[in-house]
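The values are calculated or read from the model by the stated rules, or taken from the named source; none is laboratory data. It should be emphasised that the depicted structure is a prediction, and the values quoted were computed from it without experimental measurement. In this analysis, Cβ positions are derived from the backbone assuming ideal geometry, glycine residues included, and neighbour counts consider all displayed protein chains. For the accessible areas, the whole protein counts, side chains as well, though only heavy atoms, and no ligand, DNA or RNA atoms are used. Shrake-Rupley method; radii C 1.70, N 1.55, O 1.52, S 1.80 Å.
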Amino acid sequence: MFLHIDHVDKQFTNNKTVHQILTDIDLTIHEGEFVSILGPSGCGKSTLLSMVAGLSDVSSGKITLEGKEIKKPGKDRGMVFQQAALFPWLNVEENVMFPLRKEMGKKKAKETAQRFLQMVQLSHYADHYPHELSGGMQQRVAIARALAMNPKVLLMDEPFGALDEQTRARMHKELETIWVETKKTILFVTHSISESIKLSDRIIVMGTQPGRVIADIKVNIPRPRQMDQKEAAELQRRINALLKTEIDKVVNEELAHAANH
Amino acid sequence: MQRTIKQIIFIVALIVIWESVVRIGGWTADIMPKPSDVWQALVRGFEDGTLIYDLGASFQRLLIGLAIALLLGMGLGILLAKSKTADETLGSLILSLQSVPSIVWLPLAIMWFGLNEKAVIFIVVLGGTLVMTINMRAGIKNVSPLYIKAAQTMGSKGIDLFIKVILPAAVPYAVTGARLAWAFAWRGLMAAEILSTGPGLGYTLKYASDFGDMSLVIAVMILIGVIGTVVDLIFFQRVEKNVMRRWGLEAS
């Protein structure tokens, strides 16, 4: 068992009312797997990822990585956010070196940073500052930065959500190449059905209110995948049907909420 | 370019109107000097070295006072941002002290330090510290949680997180704080010099006024204004703009 999310619940209390965010999430993720967590907004998928990152606590249950319980953030789990979160006062290379500066000498850190910048094809931009890069380039630096510390799992929270369509398609290809090259375990949060089908070995479909797993689907379509392939289109229809009731639920809730106010 | 031309034409027109109104009105130079008198006073002041000497003295006090103010302000700002108790007590005191112009402390300062440099520097420090404190506190409180989360997932925490992430992320606020601190310090300095002792631009202004030399009074006023604007425009605004752009807080 590599990464085990063991009967995890998450609730928080606001104005004395208890909100159930996630209920009984129980997942096992194998080493080297590319797993997407797919669900409508508000299903708690980002919360789940941030608990794996150790940035927020579980209310009950536990999460273990190679048998060790996750309590705090750590370098064994690299995280890529929707915003690149690069430090604007550091240049591209220094950003990638940030997680390395304590565990290796400057020269070695520089070499490592160069290697990973090459992987995302940005080695020529080493001395540029983040504000000089496009959104897609910034996100590639963020991926290089997360990978440079050689984490066991790469956690990605809608990493391409803020990018335009063309850039996103290119990033999909690049991420796939990186995954094949590094054989990293990737946990990828998204609300895009096609993105999850294109990239992952396995799709965890989540429902909302409370957030829970409603399907765990293996994707056996050979790579590289095209969305107009017959199997892909079929899978998309299937997931769409699964999510439709969930999305209707959200819409109805919002309408009821609006009517009461 | 357009804008600069307009500004030059405006200034020239202003001087011409000023000169002709005073000539037609027939006022004497001890009531309302002409621009040409002011210019002469300015040239004389630079030629005999008084104004240069004054500038040096004023700037020395300003730099000492401002340096202390910035360091103190940074320290206090960090304290207020990090300690809730300090923020609720000392923080609210500092906020209310901000509405007291620093110059009103001068009588006390003279009692404590005597009628000398130290009293003036004290006013300068007071003027700069409060606004620097408030900005530094805001800078640390407003660091994007995303930076902190990202740093945490990269194994940074505690002192390392504070020095390597939170402080640099607060730099834009600190720069704005420094710019405002300079403005407050400069005003405080001039007021304190007029009311206390020289040498200095403020002192010379007071001295000229005692001898009815209104040309020199206006000459010093213009010098104070020009220096204030030049330092703000050439130094602080430029630094602030660069930092804002680099930190991604402004579209380039």
Where does the range B:158-252 land on Rg/Rh, using Cα atoms and the Kirkwood Rh?
-> 1.20
Beyond 44 Å, the calculated P(r) of the protein assembly as shown holds a percent of Cα-Cα pairs equal to 39
Using a 1.4 angstrom probe on the protein heavy atoms only, line up A:S60, B:S156 by accessible area, largest first.
-> A:S60, B:S156
Taking Cα atoms, how many degrees apart are the long axis of helix A:106-119 and the longest axis of chain A, rounded to 10 and kept between 0 and 90?
-> 60
Alpha carbons only, please: Rg and Dmax for the range A:119-204, in angstrom.
-> 12.8, 39
Cα-Cα pairs above 15 Å in the range B:129-201: how many percent?
-> 62
Antiparallel content of DSSP bridges confined to chain A, in %, to 5 | 55
Tell me, how many Å apart are the Cα centres for the range B:47-124 and for the range A:164-241?
-> 61
Charge dipole of the range A:86-150 built from unit charges on the beta carbon (Lys, Arg +1; Asp, Glu -1), centred at mean Cα; most positive-end Cα among A:Q139, A:H124, A:L100 is A:L100
Straight-line reach check, B:K34, cutoff 16 Å on alpha carbons, 8 or more apart in-chain or any other chain, hits among aspartates and glutamates -> B:E19, B:D213
Could you give the angle, 0 to 90 degrees to the nearest 10, between helix A:165-182's Cα long axis and the longest principal axis of the Cα atoms of chain A?
-> 70
Dimensions (Å) - the range B:1-127, Cα atoms, principal axes, largest first | 64, 42, 26
Here the convex hull volume per residue of chain A, taken over Cα atoms and given in Å³, is 150
Helix B:35-47 sits at what angle to the longest principal axis of chain B, using alpha carbons and giving 0 to 90 degrees rounded to 10?
-> 70
Over the protein assembly as shown: helical MRE at 222 nm, DSSP H runs n ≥ 4 each giving -39500 (n - 2.57), nearest 500 = -18000 deg cm²/dmol
Whole-Å distance, taken between Cα centres, linking the range A:87-151 and the range A:13-63 | 29
What does the average come to when, for each residue of peptide A:93-104, you count the partner chain Cβ atoms lying within 10 Å of its Cβ?
-> 2
Given the protein assembly as shown, what percent of its DSSP beta bridges are antiparallel, to the nearest 5?
-> 55
Normalise the Cα radius of gyration of the range A:6-46 by 2.2 N^0.38 Å (N = residues in it) and let me know the number.
-> 1.45
Taking N as the number of residues in the range A:143-261, what is its Cα Rg relative to 2.2 N^0.38 Å?
-> 1.22
Stick to Cα atoms and the Kirkwood definition of Rh, then tell me Rg/Rh for the range A:114-169.
-> 0.96
Evaluate E = 1/(1 + (r/R0)^6) for A:Q118 and A:D76, where r is the Cβ-Cβ distance and R0 equals 30 Å; express this FRET efficiency to the nearest 0.05.
-> 0.80
What the Cα atoms of the range A:34-177 span along the principal axes, largest first and in whole Å, is 46, 39, 28
Approximate spin-label separation B:I163-B:I234, in nm, with each point projected 7 Å along Cα-to-Cβ = 3.6
Based on a Kirkwood Rh over C-alpha pairs, give the Stokes-Einstein translational diffusion coefficient of the range A:86-150 at 25 °C and viscosity 0.890 mPa s in µm²/s.
-> 219
Could you name the aspartates and glutamates in cross-link range of B:K241, using Cα to Cα under 18 Å and dropping any fewer than eight places away on the same chain?
-> A:E132, B:D232, B:E250
What aspartates and glutamates sit close enough to A:K107 to cross-link, taking a C-alpha to C-alpha distance under 18 Å and skipping anything fewer than 8 places away on the same chain?
-> A:E93, A:E94, A:D127
Kirkwood Rh for the range A:1-104 from C-alpha pairs, in Å, is 15.6
For chain B, what is the Kirkwood estimate of the hydrodynamic radius, computed as the reciprocal of the mean inverse distance between distinct Cα atoms, to one decimal in Å?
-> 20.8
Taking only C-alpha pairs under 8 Å that are 6+ residues apart, what is the relative contact order of chain B in percent?
-> 24
Give me the compactness ratio for the range B:1-68, meaning the Cα radius of gyration over 2.2 N^0.38 Å.
-> 1.57
